[in-house]
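The structure appears below as C-alpha cells.
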Amino acid sequence: MSNEAVIQHGAGTHEVHGDHHEGHHHHETFITKYVFSQDHKMIAKQFLITGIIWALIGGAMSVLFRIQLGYPEATLPWLEDIFGHWAKDGRITPEFYYALGTMHGTILVFFVLTAGLTGTFANLLIPFQVGARDMASPFMNMLSYWFFVLSSVIMLSSLFVQTGPASGGWTVYPPLSALGDATQGSKIGMDLWLISMAMFVVSSLLGGVNYISTILNLRTKGMTMTRMPLTVWAILFTALLGLLSFPVLLSGFILLLFDRHLGTSFYLSDIVLAGNILPNEGGSAILYQHLFWFLGHPEVYIIILPTMGLVSEVMSVNARKPVFGYMAMIASMFAIALLAFLVWAHHMFVTGMNPFLGSVFVLLTLLIAVPSAIKVFNWLTTLWRGNLHLTPAMMFCIGFVSMFISGGLTGIWLGNSTLDLHLHDTYFVIGHFHIVMGVSAFMGMFAGIYHWFPKMYGRYMNNTLGYIHFWITMVCAYVIFWPMHYEGFAGMPRRYYDYSNWESFKQFVELNKVISFAAILSFLVQILFVFNFFYSIFKGRKVTTKNPWKSNTLEWTTPINPGHGNWPGEIPEVYRWAYDYGKDGVDHIDQITPIGENESKEGH
Amino acid sequence: MTWTEYFVIIIVALIFIVVFQIAKASEYVSVLKGEKKAFQQNNRINAFLMLVFLVLGLAAAWWCNSLLYDKTLLGVPAASDHGEEIDNMMWITLYITGFVFVITQVLLFWFAYRYQTTETRKVHYYPHNNKLELLWTVVPAIALTVLVAFGLYYWYRITGEAPKEAMEVEVTGHQFGWEYRYPGKDSILGRQNYKLVDAAKQNPLGQDWADVANHDDLHPSELHLVVNRPVKLIIRSQDVIHDVGLPHFRLKMDAVPGIPTTMWFTPKITTAEMRKITGNENFVYEIACDQMCGNGHYSMKGIIVVETQEEFDKWMAEQKPQYNLAKPEVASKAAPGAENNKDLVLAQ
C-alpha cells in the first residue's frame with residue numbers, strides 16, 4: 001500500500017490549513033464551531049454529551065420500572081402528577097412498565113453504548129492517535145452526528161404520542177410488534193421506533209465508513225498498523241462489525257414495516273387476534289429473529305470492543321508497563337469480531353430450531369470464550385509487577401475487568417443450549433448481560449472519559465468525586481445484578497410486571513426491594529458524575545502540561561487545547577509502538593522518539 | 001406531591017451539595033499539600049479499598065448464597081428426567097466457571113493492591129511471552145471442549161425423538177392464557193385450521209369438525225400429566241410468540257404462530273410429592289410464559305398437575321369432548337363412542 005503517498009498528500013493539503021490556523025484565516029461562527037461542526041474533536045463532544053443526555057433518560061426509566069418491581073404495592077401520587085394516566089392512582093400501569101423496559105433497552109444499547117460510546121471515542125481518538133488532521137471525510141462525520149440527532153428526536157417524539165412508544169421489548173419481535181391490535185405500543189410508537197432506528201443505521205454507517213477509511217488511509221508517517229494503539233484497533237473492528245451487520249438489521253426492519261403497512265406476510269402466519277382471523281399465511285416470525293440477531297449479536301461486541309481498547313490503553317498507561325501480549329490482543333479482537341457473526345442463533349435455542357443447527361451455534365458460541373479468556377489473562381498480566389497509578393480512570397479499568405470476568409463466565413452458561421433451556425429469558429439472562437455489556441461497557445466508557453477529559457476540555461475532572469463515583473457504582477452494580485442470577489435459578493421470567501400471583505416466583509419480595517434501592521442509589525451517583533463532568537468543563541482544575549498522564553500516544557503531543565488540524569506544525573513522525581513504558585528503566589518513551597542506539601531489542 | 005416527597009428531594013439535594021463541597025475542598029487541600037502527596041494518598045487508600053472490596057465481596061457472595069439458595073430451585077430436585085440432566089450440566093458448569101471466577105477475581109484485586117505505586121517500585125518490562133499466551137489459549141480451550149461435549153450430549157438426548165409410548169398433548173398459547181387439547185380415545189389429535197377458530201361457536205382451537213379424529217378430542221382447563229410416563233407437547237400459538245416455560249421441569253419452548261414446535265419429557269415427581277419436598281402446601285407446577293407477549297405477559301399462567309395413572313384416568317373420565325359443546329345437537333343424538341360419531345359424520 002502506498003501509505004507514504006497518502007500520508008504526504010494528506011499532510012500536505014492540511015498543512016497549509018494548519019499553518020494559517022494561528023492567524024485569523026478561518027472565519028468560524030457559533031454555528032460552524034458548535035453546531036454543524038466538522039471538527040472531529042467537537043463531534044466527539046457532541047456525541048458524548050448527547051449520549052449522556054440519553055443515558056440519563058434511559059437510566060431514569062430503569063429507576064421507574066425498578067420502583068414497580070421493588071414496590072409493586074406502593075401508590076406514589078407524584079408518579080400520577082408527572083405521568084398522568086400512565087401511572088393511574090400512583091401506580092405504573094403494565095403498558096407504561098413495558099414501554100419503559102423497551103425504551104430503556106433501546107436507548108442504552110443503541111443510543112448510549114453504540115452512538116454515545118463509539119461516536120465519542122472513535123471521533124476523538126482516531127485522528128489523534130493515528131496522527132491525522134481530521135477524519136477522512138469531516139462532512140460525512142458531521143452528517144453521522146446529525147443523523148443520530150434526527151434519530152434521537154424521532155425516538156424521543158415516540159415517548160409523547162397518545163398510544164405510547166414501542167413496548168414489545170427492545171428486540172421488537174413480530175408478530176407482537178407487527179400488529180397494532182396486539183399491544184398499544186405497536187401502534188404509531190412502533191413506526192416511530194422503526195424510522196428512528198433506520199436513521200440510526202444511516203448514522204452508524206456514515207460514521208463507520210469514515211472510521212475505517214481514516215484508520216486505513218490517514219496514518220502519519222511511521223504509523224504502521226502494528227504500531228497503532230489498541231484503542232484504534234478496537235475501533236477498527238467495531239466499525240467493521242457495524243458496517244457488515246447494521247444493513248441486515250435495516251432489512252429486517254423494512255420487512256417489518258411492510259408487514260405493518262403493506263399487507264405483506266414476511267413474519268406473519270396463522271394469526272387469530274382478539275377473535276379476528278388475519279389473512280396472512282406462510283410467513284415466519286423466526287425469520288425476523290435471524291435478521292435481528294445477525295446484527296443483535298455483533299451489536300454486543302460493537303458495544304464491548306471499543307471499551308476493551310480503551311481499557312487496554314488506559315490500563316497500560318497507568319500500570320506504567322506495556323500492555324501484555326499486544327499482538328495476542330489484536331488477534332483475540334479479530335477472533336471475537338469474526339466469531340461475532342457466527343453465533344447469533346444462540347439467542348434462539350428455544351424457538352424450535354433444528355437441534356443440530358443449535359449444536360453448531362453452541363460450539364461457536366463457547367469458542368468466543370477462548371479469545372475473551374486470553375484478553376482477561378493479558379490484562380491481569382499487564383497489572384502484574386506494574387507500578388499502578390490508581391487514578392479514577394484506572395479504577396474503572398479494574399472494575400471493567402472484574403465485571404467482564406463475572407459476566408463473561410455466565411455467558412458460558414447461557415451459550416450452552418442445554419442450560420439455556422432452563423435459564424433462557426429468566427433473570428439469569430438479565431444479570432448476565434447487564435454485567436458483561438452494560439456495566440462493563442459503562443466502566444470502560446468512564447475510564448475513557450476520566451482519562452481523556454483533559455484532552456477534550458483542557459481541564460481535569462474532580463478526583464474525589466471520581467473515586468466516589470467508582471466505588472458506589474461498583475458496589476451497586478454487584479448488589480443489583482449478582483442476586484439476579486439466583487432469581488434466574490428459580491426460573492423467574494424477565495419482563496414481568498408483577499410476580500405476586502405466582503407460586504413459583506413470589507419469594508423475592510425483599511430482594512427486589514434491595515435491588516431497586518441499589519439501582520436508585522447508583523442512578524443518583526451517575527447524576528453526581530454528570531454534574532462533575534459539566535462542572536469540570538468550566539471550573540475544573542486546569543491542565544498545565546501537554547502530557548498529564550505521561551502517555552506515549554500521539555494525542556498528548558498536541559497542544560493542551562488543540563485547534564483545528566490538531567498539530568500546529570507538521571504532523572509528527574512515529575518510530576515505535578505505543579507501549580514502551582518502563583523499558584530499560586525509562587518511565588516512558590513516546591511514539592515520536594526515534595529508537596535509541598543502545599535501546600534493547602525487547603518489546604514489540 | 002406530598003410533604004414527605006419534597007422532604008426526600010431536599011435531603012437528596014443536600015447530600016449532593018455536601019458531597020460536592022467535600023470533593024471540591026479535597027481538591028484545594030491536595031493543591032496545598034502538594035499534588036504528589038495527594039496522589040500517593042489517593043493511591044494508598046484506593047489500593048486498600050480494592051483489597052477490602054475483594055474480601056467483603058467474596059464474603060457477601062457467600063452470604064447472598066446462604067440467604068437465597070432455598071428460594072431457588074437449586075435445592076429442589078428437577079421434576080423431569082431432562083431436568084435432572086440439565087441440573088447435572090449446571091453443576092459441572094458451576095464448578096468450572098466458579099473456579100475460574102475465584103482465581104481471576106482474587107488475582108485482579110490482589111494485583112491492584114500489591115502493585116500500587118510507590119516511590120521505589122520498578123516495573124517489570126514484560127511485553128509478551130508466547131508460552132504463557134499459548135498456555136492460556138489451550139487451557140480454556142480444553143475446559144470449553146469439556147463443557148461443549150457434556151452440553152451437546154445432554155442437548156441431543158433432550159431434543160431427540162420422543163419415545164413411541166409418549167402421551168401427546170397440544171398446548172396452545174394466546175394473549176394471555178393457555179389451552180390444552182388431549183387426543184382422546186383414538187390417540188390422534190384432529191386436524192386444525194386457524195381460520196375455523198370461533199370462540200362463540202365453542203371452537204377456540206379451530207378444530208375441523210369434518211375430521212372425525214376431532215370428535216373425541218378433549219379440551220380441559222388444566223394440563224394433567226402422568227408421573228413416569230413420557231409426554232410430548234405440541235406447542236402452538238394463535239397470535240404472537242409465547243413460550244411454554246416449565247421452571248420445575250427445567251424446560252422451555254417457544255410457541256410460534258404458524259410453526260408448531262414440540263418438546264418432550266418424563267415427569268418424575270407428582271404434584272403431591274412435590275408439596276412434601278418443598279414443604280409448601282400450595283405448591284403447583286406452573287407454566288410461565290417466557291416470551292414477551294404484550295401487556296398481560298406477566299399473568300399468562302397455566303397449571304400442570306402431575307399425578308398417578310389412576311388419578312389421571314379418573315380425571316380423564318370426567319372430561320367431555322369439545323365436540324359435544326360445539327355441536328350439542330349432533331353429539332347428544334350419538335351414543336358415546338367413536339364409531340357412532342364417525343357414522344354420524346358420514347351421514348351428514
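The values are calculated or read from the model by the stated rules, or taken from the named source; none is laboratory data. On a predicted model such as this, the values are computed, not experimentally measured, just so you know. Every residue, glycine as well, gets a Cβ built from its backbone with ideal geometry; the counts of neighbours run over all protein chains shown. Side chains are part of the model used for accessible areas, which takes the heavy atoms of the whole protein and leaves out ligands, DNA and RNA. Shrake-Rupley method; radii C 1.70, N 1.55, O 1.52, S 1.80 Å.
Hey, what's segment B:167-347 come to in accessible area per residue, 1.4 Å probe, Å²?
Accessible surface, normalised per residue, equals 41 Å².
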Problem - Whole-percent carbon and sulfur share, accessible surface of segment B:167-347, 1.4 Å - result: 51 percent
Completion exercise
Applied in sequence order to segment A:405-419, the curve 6.51 cos²θ - 1.76 cosθ + 1.60 (Karplus, θ = phi - 60°) yields integer Hz couplings, x standing for Gly and Pro, of 5, 4, x, x, 5, 6, x, 5, 5, 6, x, 8, 4, 4, 6
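Need one value for A:479-486: mean number of C-beta atoms belonging to other chains within 10 Å of its residues' C-beta atoms. Write out the running numbers ahead of the final one.
Details: counts 2, 0, 0, 6, 5, 0, 3, 8.
Counting other chains' Cβ atoms within 10 Å and averaging over A:479-486 gives 3.
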Completion exercise
Sorted by chain and then number, the residues having a modelled amide H within less than 5 Å of the amide H of residue B:116, at least 5 places away or on another chain, are A:388
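How large a share of the accessible area of segment A:116-203, in percent, is made up of carbon and sulfur atoms when the probe is 1.4 Å and the other protein chains stay in place? All intermediate terms of the calculation are to be shown ahead of the outcome.
Working: 1590 of 2130 Å².
Looking at segment A:116-203 in its full context, I get 75 percent from C and S.
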Handout entry: Hits among lysines - C-alpha to C-alpha of residue B:201 under 26 Å, sequence gap 8 or more where chains match
Key = B:185, B:301, B:320, B:327, B:333, B:342
Problem - For segment B:11-77 versus segment A:478-510, the gap between their alpha-carbon centres in whole angstrom - result: 27 Å
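Please compute the average number of Cβ atoms from other chains found within 10 Å of each residue's Cβ in peptide A:124-132.
0
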Fill in the blank from the handout: Cα-Cα longer than 26 Å, checked against A:41/B:24; A:455/A:539; A:221/A:542; A:375/B:36, kept in input order, equals A:41/B:24; A:221/A:542; A:375/B:36
Exercise for the section: Return the calculated 222 nm mean residue ellipticity for chain A, to the nearest 500 deg cm²/dmol, obtained by summing -39500 (n - 2.57) across DSSP H runs with n ≥ 4 and dividing by the residue count. Expected result: -20500 deg cm²/dmol
Fill in the blank from the handout: For residue B:102 and residue B:200, extending 7 Å from Cα along the Cα-Cβ vector and measuring point to point gives, in nm, a value of 6.7 nm
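Using only protein heavy atoms and a 1.4 Å probe, how much accessible area in total is buried between B and A, to the nearest 100 Å²?
Values: alone 23040 and 24300 Å², together 36520 Å².
By this definition, chains B and A bury close to 10800 Å².
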Problem - In Hz, Karplus ³J(HN,Hα) per residue of segment A:536-542 (6.51, -1.76, 1.60; θ = phi - 60°; x = Gly, Pro) - result: 5, 4, 9, 10, x, 4, 6
Problem - Set of aspartates and glutamates with alpha-carbon distance to residue B:33 below 20 Å, sequence-local pairs under 8 removed - result: B:119
Completion exercise
Nearest-0.05 FRET efficiency for residue B:118 and residue A:74 at R0 = 41 Å, using Cβ-Cβ distance, is 0.20
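Can you give the helix-only mean residue ellipticity at 222 nm for chain B, where every DSSP H stretch with n ≥ 4 adds -39500 (n - 2.57) and the sum goes over all residues, rounded to the nearest 500 deg cm²/dmol?
Here the helix-only value at 222 nm equals -16500 deg cm²/dmol.
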Practice task
Distance check, please: which entries in A:546/A:601; B:232/B:268; A:506/B:232 exceed 19 angstrom between their Cα atoms?
Solution key: A:546/A:601; A:506/B:232
Completion exercise
Between residue A:173 and residues 5 or more places away or on another chain, the pairs with built amide H atoms under 5 Å apart involve none
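Sort A:69-82, A:419-432 by packing, meaning the average of other beta carbons within 10 Å per residue, with the highest value first. Spell out each step's value before the answer.
Values: A:69-82: 15.1, A:419-432: 25.0.
Packing proxy ranking, top to bottom: A:419-432, A:69-82.
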Problem - Gaussian network model of chain B, Cα within-10 Å springs - most flexible of B:243, B:217, B:313 - result: B:313
Exercise for the section: Can you sort A:601, B:122, B:252, A:221 by 1.4 Å-probe accessible area, starting with the largest? Expected result: A:601, B:122, A:221, B:252
Completion exercise
Lys and Arg at +1, Asp and Glu at -1: neighbours of residue B:273 with Cβ under 14 Å from its Cβ sum to 0
Completion exercise
Residues whose modelled amide H sits under 5 Å from the amide H of residue B:224, counting only those 5 or more places away in sequence or on another chain, are B:305
Fill in the blank from the handout: Share of accessible surface on carbon and sulfur in segment B:7-52, whole %, 1.4 Å probe and ligands ignored, is 78 percent
Handout entry: All-pairs alpha carbon distance profile, segment A:49-142, 10 Å steps from 0, percent
Key = 16, 33, 22, 14, 11, 4
Practice task
For residue B:131, go through the aspartates and glutamates and keep the ones whose alpha-carbon is under 19 Å away, minus same-chain ones fewer than eight residues off.
Solution key: A:602
Handout entry: Phi-based couplings in Hz for segment A:142-157 (Karplus 6.51, -1.76, 1.60; Gly and Pro marked x)
Key = 5, 4, 4, 5, 6, 5, 5, 5, 4, 4, 4, 5, 5, 4, 4, 5
